[in-house]
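So the structure is just underneath, and the comments pick up after that.
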Amino acid sequence: MPQIIDGNATAKIVCEELSAKLKKISATRPPCVAFIRVGEDPASVSYVKKKGRIAAETGIESRLHVLPESVTQEELFKLIDSLNNDDCVDAILIQAPLPKHLSERDTFNRVRPDKDVDGFSSANLGLLCQEDPRAFTACTPAGIMELLKRYEVPTAGKRVVVIGRSIIVGKPMALLLMKKGADATVTVCHSKTRNLPSVCRRADILVSAVGKPKFVTADMVKDGAVIIDVGMNRDENGKLCGDVDFEPVSEKASYIT
């Protein structure tokens with residue numbers, strides 16, 4: 001049986017460590033994060049609610065701004081600008097996806113780089129590419145690196161395959177794995193990749209972020225591979241599942257989320 005990489009248990013430890021660190025910081029006020037949610041998408045409502053709860057538990061103040069789905073780009077920019085200029089707001093998180101009439105790229109780039117803690121702006125992605133320590137990094141790739149570190153999974157010299165090329169997971173994931181200190185050899189796959197199963201079978205570490213239920217099957221995984229499943233999907237029965245067909249893949253993996 002593989003070693004299970006437990007994201008929930010690790011997140012709890014990280015939050016406890018962060019809470020203890022914040023208590024030691026001498027400041028006139030707690031750090032403050034502003035959440036922007038557009039519309040009432042159930043998944044977005046759930047995610048933002050959880051973020052707010054975790055912020056409170058760790059000693060971070062949060063402010064929620066909810067805009068109607070019909071909001072214009074100009075109205076959204078006006079809110080972002082006001083938060084950019086508010087010295088009491090340290091961080092801005094915009095819940096994605098946004099309605100289709102809004103530009104996610106322009107919206108992410110509107111956030112001041114030093115408040116863009118999601119790391120989706122061109123400024124922070126550029127800093128990440130340059131391996132500049134000032135870069136904020138997208139939370140999912142950063143979380144994966146934290147899991148690999150805490151479970152003592154080495155990356156140096158390893159072949160890593162990342163399935164997916166979004167700026168939320170795939171691209172920053174590849175950059176983090178390639179940077180000095182991680183030193184992995186990275187292949188990024190996507191919908192146009194030829195012979196995907198063959199490419200995946202060469203991976204020592206496989207990261208899947210495609211958003212398709214049970215997309216990664218056992219024949220795509222080599223014996224002893226480390227499997228990181230980023231997917232959050234519903235199967236044919238409406239049950240929550242990942243990108244990885246867990247039971248058969250786990251029989252071949254050494255570590256699996």
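Assorted remarks:
- Number of residues in region 39-60 that are touching a strand residue (DSSP E or B) at 6+ places or on another chain (Cβ under 8 Å) and under 16 Å from ALA11 (Cβ atoms) equals 5.
- All of (1) among the aliphatic types (A, V, I, L, M); (2) in a helix (DSSP H, G or I); (3) open to solvent by 20 Å² or more (accessible area, probe 1.4 Å); (4) closer than 30 Å to PRO2 by Cβ hold for ILE144 with one exception: (3).
- Long-range neighbours under 6 Å by Cβ, at least six apart or interchain, first residue open to solvent by less than 90 Å² (accessible area, probe 1.4 Å) within region 14-32, second outside any loop (DSSP other than H, G, I, E, B) and not aliphatic (A, V, I, L, M): CYS15/THR58; LEU18/THR58; SER19/THR58; PRO30/GLU61; CYS32/GLU61
- Criterion: under 17 Å from the mean Cα position of the chain (by Cα) and over 19 Å from VAL188 (Cα atoms) - qualifying residue of SER121, SER62: SER121
- The set of residues from region 168-186 being surrounded by fewer than 18 Cβ atoms within 10 Å (Cβ to Cβ) and touching a residue at least 40 places away in the same chain (Cβ under 8 Å) comprises LYS179, LYS180.
- PRO248 vs. criteria closer than 30 Å to SER122 by Cβ and touching a Ser or Thr at 6+ places or on another chain (Cβ under 9 Å): no
- The listed residue being in contact with an Asp or Glu (Cβ under 8 Å, 6 or more places away or on another chain) and surrounded by fewer than 17 Cβ atoms within 10 Å (Cβ to Cβ), out of GLU69, GLU131, GLU75: GLU69
- Of the criteria (1) of a type in the set (Gly, Ala, Ser); (2) under 27 Å from SER121 (Cα atoms); (3) at pLDDT below 95; (4) open to solvent by 20 Å² or more (accessible area, probe 1.4 Å), which one GLY238 fails: (2)
- The one condition from (1) buried (at least 17 other Cβ atoms within 10 Å of the Cβ); (2) of a type outside the set (Lys, Arg); (3) without any contact (Cβ under 8 Å) to a residue 40 or more places away in the chain that VAL230 does not meet is (3).
- Residues considered: VAL111, VAL117, VAL89. Of these, the only one that is within 15 Å of VAL169 (Cα to Cα), in contact with a strand residue (DSSP E or B) (Cβ under 8 Å, 6 or more places away or on another chain) and either of a type outside the set (Ser, Thr, Tyr) or loosely packed, with under 13 Cβ neighbours inside 10 Å (or both) is VAL117.
- Residue match in region 210-222 (condition: without any contact (Cβ under 8 Å) to a residue 60 or more places away in the chain, within 21 Å of PHE136 (Cβ to Cβ) and assigned to a loop (DSSP other than H, G, I, E, B)): no
- Check on VAL162, modelled with pLDDT of 95 or more, open to solvent by less than 60 Å² (accessible area, probe 1.4 Å), β-branched (Val, Ile, Thr) and assigned to a loop (DSSP other than H, G, I, E, B): no
- Across region 194-208, the number of residues qualifying as surrounded by fewer than 22 Cβ atoms within 10 Å (Cβ to Cβ), touching a residue at least 12 places away in the same chain (Cβ under 8 Å) and assigned to a loop (DSSP other than H, G, I, E, B) comes to 3.
The values are calculated or read from the model by the stated rules, or taken from the named source; none is laboratory data. Since the model is a prediction, treat every value here as computed from it, not as a measurement. Every residue, glycine among them, receives a Cβ derived from its backbone with ideal geometry; neighbour counts consider all protein chains shown. Side chains included, ligands, DNA and RNA excluded: accessible areas come from the protein's heavy atoms. Shrake-Rupley method; radii C 1.70, N 1.55, O 1.52, S 1.80 Å.
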